[in-house]
1. Would you please give the FRET efficiency between Ile21 and Thr317, computed as 1/(1 + (r/R0)^6) with r the Cβ-Cβ distance and R0 = 51 Å, to the nearest 0.05?
2. May I ask you to give the solvent-accessible area per residue for the chain, in square angstrom, as obtained with a 1.4 angstrom probe?
3. Which links in Lys289/Lys364; Lys68/Lys389; Lys138/Lys326; Lys138/Lys239 stretch past 30 Å when you go from one Cα to the other?
4. If you take every residue apart from Val112 with its C-beta less than 11 Å away from the C-beta of Val112, what net charge results, scoring Lys and Arg +1 and Asp and Glu -1?
5. May I ask you to order 99-105, 33-39 by the average number of other C-beta atoms within 10 Å around their residues, highest value first?
6. First select every other residue whose beta carbon is under 12 angstrom from the beta carbon of Ile180; then total the charges, Lys and Arg +1, Asp and Glu -1.
7. Would you work out what percent of the accessible area of the chain, with all protein chains in place, is carbon or sulfur (probe 1.4 Å)?
8. What does the highest-first list of 251-259, 370-378, 271-279 look like by mean Cβ count within 10 Å?
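The values are calculated or read from the model by the stated rules, or taken from the named source; none is laboratory data. Here the structure is a predicted model, which is why all the values come from computation and not from measurement. All Cβ positions, even for glycine, are placed from backbone atoms using ideal geometry, and neighbour counts span all protein chains on display. Note: accessible area is taken over every heavy atom of the protein model, side chains too, but ligands, DNA and RNA are not part of it. Shrake-Rupley method; radii C 1.70, N 1.55, O 1.52, S 1.80 Å.
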Amino acid sequence: MAPSALADIYPIPAWHYSKAITIQASVLHGPRDLRLETRSILDPAPNELQIAIKATGVCGSDVSYYNKFRNGDLQAVQPLSLGHESAGVVVAIGEAVTGFVIGERVALEVGVPCDNCRSCQRGRYNLCPSMRFRSSAKSVPHFQGTLQERINHPAKWCHKIPLHVTLESAALLEPLSVAIHATRRASIEQGDTAIVFGAGTVGLLVAAMAKMSGATTVVIADIDSGRVNYALSNGFAHKGYIVTPRRHLNDTAERLAVAKEVSGDIMQIASLNDIDFEGSDVTFDCTGKEICMQAGLYSTRPGGKLIMVGMGTPIQTLPMSAAHLKEIDIIGIFRYANTYATGIKILSSGILPSLDNMVTHRFKGLGAAKEAFELAGKTVDKDGKLVLKVVIES
């Protein structure tokens, strides 16, 4: 595309920054202690691009850091900018970078691996022990997230997006990548039955990708009726099941009994009245909750697969005999690798349900980040409207 066409979309600066400039950043200092601060940013280094961030989706891990200053076992130990589901515009180009022009729109793959270790060399760079992932406290100093006006990022991990794909949809390439990676690892075959526990953003996208991969029956389950209804009315899944919330159960036998009950109900829906139905070919747990893993093992047919997508309860009690006796393969999922090119093609084709429609709430500017995080942790807003994906625009 000619530079003049790009200039019609985003103004092209007529000069380059030769020194550090100041930008605004949303910075978390402790639980719910979110501050708008001024930072300095230098020109992009060789092999880097400077990106003006235009859209950032709020992820469940962001909400966890916001509320507790930690996510699972990862405790933040210094101020941290959140945000990793992002898209923006190229505003400066570092030395040795080719193939980009100022004004181009890109989706950001925010994990930067070492490129040298065993996992990287085998193409599974998501498992790189030296991975630096924006908005994560795993590496110290923390790799700052995308809730900043601008960031410098390796050009290798900036992916051009077509003009007809919105920046909000491009930001959601990050959770879509999780879904692509999960369904690849599941090796879904045409005609398979899939069960998906969790109808949040990732669960919805996993269900949609399972359908696209050939599953002819996809059942999605969640405790929130609004999310299940959204999944069905927007074509993410074929069938839905609303899990009845249970009182807190301390006894293992009681918890397993409840999981079996949930499994029985879901299998009845998934069976389509087939008297020989033995369970789903592939089950995805997108919640990380113990009861869902338990019900998932009970719901999967002999020789089937249970895919662990959601990261939740780190230590769980599972009915392992169900896996042993049925030879169920339990497969872990950690982020994604080699998915963005595929995700962009899928978005560009329009084959998926609209990702733009998944954005139920939008907040303008970094100053609204606190309000965005408060809402993202809820399932409905003050007016009773479904909260699905919250996006901060700048």
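1. That pair, Ile21 with Thr317, gives E of 0.45.
2. It amounts to 44 Å² per residue over the chain.
3. Lys289/Lys364; Lys138/Lys326; Lys138/Lys239
4. Taking every other residue near Val112 into account, the sum is 0.
5. Taking the mean over residues of other Cβ atoms within 10 Å, the ranking is 99-105, 33-39.
6. +3
7. Carbon plus sulfur share of accessible area: 52 percent.
8. Peptide ranking by packing, descending: 370-378, 251-259, 271-279.
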